[in-house]
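A.B. asks: Have a look at the structure that comes next, please.
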Amino acid sequence: MVLLGPPGSGKGTQAERLAAKLSVPAISTGEMLRAAVAQGSALGARVEGVMASGQLVSDELMAEVVQDRLAKDDCKGGFLLDGYPRTAAQTQTLDDILDDLGERLDHVIYLSVPEEELVRRALLRQRDDDTEEVIQERLRVYRNETEPLVAHYEQAGLLRRVDGDRSMDEVTAAMLEAIR
Ligand code: AMP
């Protein structure tokens, strides 16, 4: 299953909650990359600057990261992806990876939240090195690169829209309902 939504939509929090309810791993590519940076690994060194600017890490590098992660044993009973795919090329890569594993996507949930609420939340949870410029850049990249995936998955008949502008519990309940 894939969770789509703009930065500040509560995707990360909801991914954790839903994954716990469904007993599958929540796989956040953003968390994986931040962990790599914190560890000072070779991967971390390659992505640190790109991440700090609010831009996207290259599709090729992300393909390696996701392929390795989805091949792990804990993904055998299903998984919830948070933050991947984010570009048209990544949707294709994900389909290829899933094909190789003999799996397919069951659901894509789109968490929708009004723009002004996104900016408000982004400023609240601002990380140390986030300037308002970087926050705006993330939203811009989201709109250009990731938002088109909503239509893509809608056409594929996989998309469920959930109103993310509610309490955390209400959103979790609505997501569970959407995939029932
Ligand atoms: P996130 O926590 O999901 O907002 O991710 C933080 C940052 O990690 C993003 O701003 C990107 O620089 C990078 N990142 C995470 N996931 C991806 C992805 N699927 N494709 C490219 N870059 C990513």
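A.B. asks: Can you tell me which residues in region 32-47 are charged (D, E, K, R) and under 14 Å from residue 64 (Cα atoms)?
C.D. replies: 46
A.B. asks: Just wondering, is there one or more residues in region 95-102 that are more than 12 Å from the ligand (Cβ to nearest atom) and either under 19 Å from residue 16 (Cβ atoms) or in contact with a strand residue (DSSP E or B) (Cβ under 6 Å, 6 or more places away or on another chain) (or both)?
C.D. replies: No; the residues of region 95-102 include none that is more than 12 Å from the ligand (Cβ to nearest atom) and either under 19 Å from residue 16 (Cβ atoms) or in contact with a strand residue (DSSP E or B) (Cβ under 6 Å, 6 or more places away or on another chain) (or both).
A.B. asks: Take residue 118 and tell me if it is outside any loop (DSSP other than H, G, I, E, B) and either among the aliphatic types (A, V, I, L, M) or in contact with a Ser or Thr (Cβ under 6 Å, 6 or more places away or on another chain) (or both).
C.D. replies: yes
A.B. asks: Ok, one more. Quick test of your reading of the structure: residue 18 fulfils all but one of (1) touching a residue at least 12 places away in the same chain (Cβ under 8 Å); (2) away from the ligand (no atom under 15 Å from the Cβ); (3) more than 17 Å from residue 74 (Cα to Cα). Name the failing condition by number.
C.D. replies: All conditions are met except number (3).
Residues are listed down the side, and each one gets a yes or a no for (1) assigned to a helix (DSSP H, G or I); (2) without any contact (Cβ under 8 Å) to a residue 12 or more places away in the chain:
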{"residue": "62", "(1), (2)": "yes, no"}
{"residue": "81", "(1), (2)": "no, no"}
{"residue": "85", "(1), (2)": "no, no"}
{"residue": "90", "(1), (2)": "yes, no"}
{"residue": "100", "(1), (2)": "yes, yes"}
{"residue": "106", "(1), (2)": "no, no"}
{"residue": "110", "(1), (2)": "no, no"}
{"residue": "144", "(1), (2)": "yes, yes"}
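A.B. asks: Would you check if residue 15 is assigned to a helix (DSSP H, G or I), under 12 Å from the mean Cα position of the chain (by Cα) and buried (at least 20 other Cβ atoms within 10 Å of the Cβ)?
C.D. replies: yes
A.B. asks: Kindly provide the set of residues from region 66-79 that are buried (at least 18 other Cβ atoms within 10 Å of the Cβ) and part of a helix (DSSP H, G or I), ordered by number.
C.D. replies: 66, 69, 70
A.B. asks: Moving on to the next point. Which one is farthest from the chain's Cα centre (by Cα) among residues in region 34-92 that are basic (Lys, Arg) and near the ligand (Cβ under 8 Å from one of its atoms)? Steps first, answer last, please.
C.D. replies: So in region 34-92, the residues basic (Lys, Arg) come out as 34, 46, 69, 72, 76, 86.
Narrowing further to those that are near the ligand (Cβ under 8 Å from one of its atoms): 34, 86.
Details: 34: 14, 86: 7 Å.
Taking the candidates together, the pick is 34.
A.B. asks: Residues 145, 133, 170: which one is modelled with pLDDT of 95 or more and farther than 17 Å from residue 15 by Cβ?
C.D. replies: Exactly one of 145, 133, 170 is modelled with pLDDT of 95 or more and farther than 17 Å from residue 15 by Cβ, namely 145.
A.B. asks: List pairs: first residue in region 29-46 and closer than 22 Å to residue 7 by Cβ, second residue assigned to a loop (DSSP other than H, G, I, E, B) and aliphatic (A, V, I, L, M) anywhere in the structure, Cβ distance under 7 angstrom, at least six positions apart or on different chains.
C.D. replies: Close Cβ pairs satisfying both conditions: 33/57.
The values are calculated or read from the model by the stated rules, or taken from the named source; none is laboratory data. Here the structure is a predicted model, which is why all the values come from computation and not from measurement. Glycine also receives a Cβ, built like all others from the backbone with ideal geometry; neighbour counts cover every protein chain displayed.
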